[in-house]
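Data first, discussion second: the structure below is written as structure tokens.
The values are calculated or read from the model by the stated rules, or taken from the named source; none is laboratory data. From a predicted model like this one, the values you see are computed outputs, not experimental measurements. Glycine also receives a Cβ, built like all others from the backbone with ideal geometry; neighbour counts cover every protein chain displayed.
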Amino acid sequence: MTDSASGTAGQPARIGVIDDHEIAILGLKAMMETTSDLAFVGGGATVKELLAITTDLDLAVLDLRLDDGSSPRKNVEELRAHGIECLVYTSAEEAYLVRSAAAAGVLGVVRKSPRAVEILEAIRAAVRGETIATMDWAAAIDADEEFVEVNLSPRQREVLELYASGEANARVAKLTGLSVDTVSQYLGRIRSKYAAAGRPAPTKTDLYKRAVEDGWLPMPRRPRD
């Protein structure tokens, strides 16, 4: 028999779910209703929707790609700012999404495909503060030796976000109050940092990809069926 999750003062652990597919939320709710140690508190299509219901949670189960375009990193950071730890619950996704969440401190990754008993055990382990070291986690974090997080200053980040989202140099200069030459210098330094990290970004499209990977720009919206 496995250890149960531990909520507050012996009460069931309070779990929230963030997923933009209602069926995924209902599926997890149904799983937890078969247990005595996990309590489904609420679900939302975004982090803000869940936090509007409650911030009194022992764990948030978070889908990586949400329809609002939010980045995994920013979602995890927002939840952790409210004292809520996270477990990623996802279909097969791009490895960089897992890295983005990992950089913000999630407890691990569990796929939506395993049996319910395995998913529930992963949630229990996360409630206990254990790392959920699945193959997806290892493949995204350990196997990708080329991935190095690039630290940008707030000003560099501002320039990158504007430029990579489609603005021309002159427009970036106007929006930031910098000269066009200074904007070009900033972009040169940003490219140098990515190149030094082994993640070159010679084109504007490459810079957009890097900005999304590192959570500085929102995820592209996925088409609905």
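The set of residues in segment 71-104 being touching a Ser or Thr at 6+ places or on another chain (Cβ under 7 Å) and either more than 21 Å from L28 (Cα to Cα) or outside the structural domain of G129 (by TED's automatic domain parsing) (or both) consists of S71, R73, H82, S100. Being of a type outside the set (S, T, N, Q) and more than 28 Å from the chain's Cα centre (by Cα) is a property that does not hold for R189. Suppose the filter is outside any strand (DSSP E or B) and either touching a strand residue (DSSP E or B) at 6+ places or on another chain (Cβ under 9 Å) or modelled with pLDDT under 80 (or both); does R124 pass it? The answer is yes for R124. Number of residues in segment 86-128 that are surrounded by fewer than 18 Cβ atoms within 10 Å (Cβ to Cβ) and either more than 18 Å from the chain's Cα centre (by Cα) or among the charged types (D, E, K, R) (or both) equals 11. Scanning segment 1-14 for residues that are at pLDDT 95 or above and touching a helix residue (DSSP H, G or I) at 6+ places or on another chain (Cβ under 6 Å) yields a total of 1. Restricting attention to segment 147-204, the residues that are part of a loop (DSSP other than H, G, I, E, B), of a type in the set (A, V, I, L, M, F, W, C), at pLDDT 90 or above and surrounded by fewer than 16 Cβ atoms within 10 Å (Cβ to Cβ) total 1.
None of G10, G69, G16, G83 is surrounded by fewer than 17 Cβ atoms within 10 Å (Cβ to Cβ) and closer than 21 Å to I132 by Cα except G83.
For segment 45-57, the count of residues that are without any contact (Cβ under 8 Å) to a residue 12 or more places away in the chain and at positive phi is zero.
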